[in-house]
Amino acid sequence: MHLKGRWSEFTVLAQQMNDTEKRDRIVERVRPYTMVPDAAVARNIELTIEAVNNAQVNDVIVECGTWKGGSSLAMILTQKEFFGGVRHPVWMFDSFSGLLCCERERHHAC
Ligand SMILES: C[S@@+](CC[C@H](N)C(=O)[O-])C[C@H]1O[C@@H](n2cnc3c(N)ncnc32)[C@H](O)[C@@H]1O
């Protein structure tokens, strides 16, 4: 019944998340391109695994505020390492001018 299916899902997820070799490789690779600490990159990897496991076929991943792209790169590499390829494209957005002011008069996009 459902429980058996759910249990094997959880087992696969646990195995994926415990693959420290893959995780460490990704953390190392993206470090020069992110300002977030290693632990946050590791959490990003876990969240990406969860997201991909629960995604619909045409879903995409979006990062708002990419800076040098390290976190987005982590989401791409996680898919390659844990799923054998990029299953869901990662869309990257940034103002490239820091935090925008949200006063309507100054920025029409707000
Ligand atoms: C803390 S950094 C992001 C760090 C990045 N995610 C990483 O992995 O290192 C915030 C980024 O968000 C961008 N940003 C801030 N406000 C924004 C806005 N309103 N729209 C788009 N990008 C914005 C900045 O230019 C900056 O690159």
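Some points to look at:
- Against the numbered list (1) surrounded by 15 or more Cβ atoms within 10 Å (Cβ to Cβ); (2) away from the ligand (no atom under 13 Å from the Cβ); (3) modelled with pLDDT of 95 or more, Met17 comes up short only at (3).
- Pairs with Cβ under 8 Å, 6+ apart, first in the range 62-78 and under 13 Å from Pro32 (Cβ atoms), second of a type in the set (S, T, N, Q) and more than 6 Å from the ligand (Cβ to nearest atom): Ser71/Asn44; Ala74/Asn44; Ala74/Thr48
- Residue within the range 42-61 that is near the ligand (Cβ under 8 Å from one of its atoms) and modelled with pLDDT of 90 or more present: no
- When restricted to residues that are away from the ligand (no atom under 12 Å from the Cβ) and touching a residue at least 24 places away in the same chain (Cβ under 8 Å), the range 91-103 contains 1.
- Count of residues meeting criterion [closer than 17 Å to Asp24 by Cα and surrounded by fewer than 18 Cβ atoms within 10 Å (Cβ to Cβ)] in the range 43-80: 4
- Qualifying residue in the range 93-100 (condition: at pLDDT 95 or above and in contact with a helix residue (DSSP H, G or I) (Cβ under 9 Å, 6 or more places away or on another chain)): no
- Given (1) assigned to a loop (DSSP other than H, G, I, E, B); (2) at pLDDT 75 or above, number of the condition Cys110 does not satisfy: (2)
- Leu47 in a helix (DSSP H, G or I), over 20 Å from Val90 (Cα atoms) and either aliphatic (A, V, I, L, M) or touching a strand residue (DSSP E or B) at 6+ places or on another chain (Cβ under 7 Å) (or both): no
- Qualifying residues in the range 22-42 (those that are β-branched (Val, Ile, Thr) and not in a helix (DSSP H, G or I)) - the one surrounded by the fewest Cβ atoms within 10 Å (Cβ to Cβ): Val36
- The one condition from (1) at pLDDT 95 or above; (2) in contact with a helix residue (DSSP H, G or I) (Cβ under 9 Å, 6 or more places away or on another chain) that Val12 does not meet is (1).
The values are calculated or read from the model by the stated rules, or taken from the named source; none is laboratory data. Remember, predicted model here, so these are calculated numbers, not experimental data. Here Cβ is always computed from backbone atoms with ideal geometry, including for glycine, and neighbour counts include all displayed protein chains.
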